[in-house]
1. Based solely on its DSSP helices, what 222 nm [θ] is calculated for chain A when runs of n ≥ 4 H residues each add -39,500 (n - 2.57) and the sum is averaged over all residues, nearest 500 deg cm²/dmol?
2. Once you list every other residue whose beta carbon is under 13 Å from the beta carbon of A:C459, what net charge do they have if Lys and Arg are +1 and Asp and Glu are -1?
3. Please name which of A:S494, A:C678, A:A254 has its Cα lying farthest along the dipole of chain A towards the positive end, using unit charges on Cβ (Lys, Arg +1; Asp, Glu -1) and the Cα centre as origin.
4. Quick one: if you stick a label point 7 Å off each Cα along the C-beta vector at A:K693 and A:H191, how many nm between them?
5. Can you compute the radius of gyration and Dmax for region A:124-236, using only the Cα atoms, both in Å?
6. Scan chain A and report its longest stretch carrying no chymotrypsin sites (Phe, Trp or Tyr not before Pro) that are both in a DSSP loop and have at most 13 other Cβ atoms within 10 Å.
7. Label region A:124-185 by shape, choosing from rounded, prolate and oblate, from the square roots a ≥ b ≥ c of the eigenvalues of the Cα gyration tensor; if a/c is under 1.5 it is rounded, and otherwise prolate applies when a/b is larger than b/c, oblate when it is not.
8. Kindly report the accessible area of chain A per residue (heavy atoms of protein chains, probe 1.4 Å, no ligands, DNA or RNA), in Å².
Amino acid sequence: MTKNFQKLPNKGETQFSFGVGAYDPKLVEEKIYSIWEKSGFFNPDNLPAQAGLPKAKEFFGKAQDKNYIIYMPLPNVTGTLHMGHLLNNTLQDVLIRYERMRGKRALYLPGTDHAGIATQFVVEKELKKEGINRWDLGREKFIARVWEWKNKYGDLIFNQLRKIGVSADWSRARFTMDQAYSDDILKTFVHYYEKGWVYQGLRTVNWCPRCGTSLSELELEYADEKTTLYYIKYGSFTLATTRPETKFGDTALAVNPKDERYKKYIGETIEVDSLSTDGELEKPEIKKIKLQIVGDDVVDIEFGTGVVKVTPAHDILDFEIGERHKLPMIQVINERGRMNESAGKYAGLKTTEARKKIVEDMKSVGLLVKEELYDHRIAKCYRCNTVIEPIPSKQWFLKMKELAKLAKKAVENGKVEILPKNFEKPYFDWLENIRDWTISRQIWWGHQLPVYYCKCADCDHAIVSLEQPKSKCPKCDCKEYRRSEEVLDTWFSSALWPFAGLSASDLKNYYPGNALITARDILNLWVARMIFSGLEFQGKLPFSKVFIHGTILTKEGKRMSKSLGTGVDPLKYINEYGADATRFGIIWQANGQDIHWDETSITAGRKFCNKIWNASKFVLSNVSEMGKIEKFKPTTEADKKIIAALEKIKISSGKNIETFNFSEALHEIYDFFWHDFCDEYLEIAKSQLAEKKTVETTKKILSYAIFESLKIIHPFMPFVTEEIYGILPIAGRKLLMIEKL
RNA sequence: GGACGGUUAGCUCAGUGGUAGAGCAUCGCUUUUACACAGCGAGGGUCGCUGGUUCGAUCCCAGCACCGUCCACCA
């Protein structure tokens, strides 16, 4: 079998190179991918001087509107290919290949995300096997370890993407911690600071005691759990809480001002019996404490008893109540999730242990009224699954008010279209109820804040600067500073991907981009932030359309997840059925709804590969030469019918791709090729080829139809079509991936 | 609690105001100058339930049930 297009015979020579039996992707895919990569055509600007290939300008032209870019959603360096990537990257590849064949300078921009917490967690797990932790190693050595890890494994996913045929320009691959990218990020921070939007504040934040860092609300995951709801006596009031261990941090009781039962108490300060933190651990005692009673709308009259204890230090909602009513804040839990010295004799206990003990003690002194079982949602760290502990912490925040307005307006006025349209609502909901973004993280792997703290004890004055400040501290005259040890939220850097990932000239040529293809779970986490970042820093939207594809669920409709063991490995399918069949299978099912993954659609894809292969073989056995392939005037009814169907499918499949109806496009292409072309026309062609009158026309139509079909199918199933194209005796052959569609 | 989506053949899903479709699976026949990963043909569905609009509803409307995803400050 001749496999390499460069070694193919010239026109006129007969070539039977399909061999015997079914199409075998194993003999084809790796070879074809390497031909593509070597051709240089993944990079629309940098074509190799390869014999027989057209020059860039000839093919693409110069006009700006011929530039087309898709930003690959950044895979994490810890990432390996999963079904979500398979769907997402395949759809993008269909688009980019389609646009490339339509004559655009199509750039598919790849990159990887340093993925702060995720990557740090992976390396920490490695260290754990060696019996050490990151503090044993120290910051510098630890970061060196992470880099080592990144250099070794960080690009694995790129090779997996190559396996599915992704035609990204790997020469442009960026990493969010590349020097230029990092510089942009720090400048962004300073820019926001100078606008007065970055500020430092002591607030109760979501804290992961294991990772030792704050998290944004989008980095939490929730688990339904049965918890006990404890009814506790506070003087004449009884209230319900799931977290009795935070009671020593209570600084008020809150009721709803509309609540007839309690509104008369608002403003009063009461003295109540509480558990004492003094004395011996084994001897629970009662102590009088004073609490004020505040009225606040957030209190639900229906829930529990309608009275809430307010613990500003350990609950985000309570913190907000505290701010509204100027309540003091008492921290009783530390960064490691243990009770601190303010908890007196309970200090040192883990919160769960403390809860048990405190409940026991309250029982024995008569403060516990009753317990009931309660369905509760518990926030957990999205990386390590540790229960989140809200604690007060000094963090850096980005004011979201103005940025959210930008992002909201862009969609409202239609400059950015979110498709399907019903995803606009969750987008608006988030932006309308947005809180300031906690952008600092207390981990080590990431972009260190461009912040310097005065070294003097008690001063700690912070200066935001790209360089080590040389001037005296305006607060204490000291001249020595230390760089902040905190790093930025990973999403702070991914938000800049559409422009920080581009060189100056690429920025000029390719920004703004076109369509963004993504899954709905990162609509706010990523898409909204790219939108306001693009507007803020480039003055232009990064893309005009956001297409949200379905989420892949198990056949039973459950979420696919590693921890649940419900995930499947797309590489398994590629090995077993080939990349084309796998691509076919996933697009076949991706109709817009969430996908209940059914691998039998890959079977259909494999069969379709074989059908294309064999139909091509039949054409080749009858057509020894495919000179100038052009539309030929049909003569018989069958000829007319097939040409008409072909012209129709060319137009409608293109339209469907451009409107993101990938599945529909594939279904109609399948129907056309299998039924109209193979079942009907090929059968009639057999008799037409036996007739002197029709033999020549039939050959021309077969040549034309197979060639056009290969082009139409190519964006979906690039390997098999490219291979066949390389076998057919086409005059002036180059590569199917750059044939004009 | 809210939002959104779903409920059609054994399975996964399309679809239309007027005798219901695909892929996979099943059954029968066929090795005919591409393909048995095939061809031809067949079986299989009161299109979640209850009302309403209509000459006519799987499709439109209302209510209900169940399933799912996301969001939310019920401590």
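1. Value at 222 nm, helices only: -11500 deg cm²/dmol.
2. +1
3. After comparing all options, I get A:C678.
4. Going by the 7 Å Cα→Cβ label model, 7.3 nm.
5. 21.5, 71
6. The answer is A:304-741.
7. Oblate, since a/c reaches 1.5 and b/c is not below a/b.
8. Value for chain A: 44 Å² per residue.
The values are calculated or read from the model by the stated rules, or taken from the named source; none is laboratory data. Keep in mind that this is a model prediction, so the values were computed, not measured. Here the Cβ is made from the backbone with ideal geometry for all residues, glycine too, and neighbour counts use every protein chain on show. In case anyone asks, the SASA skips ligands and DNA or RNA and just uses the protein heavy atoms, side chains included. Shrake-Rupley method; radii C 1.70, N 1.55, O 1.52, S 1.80 Å.
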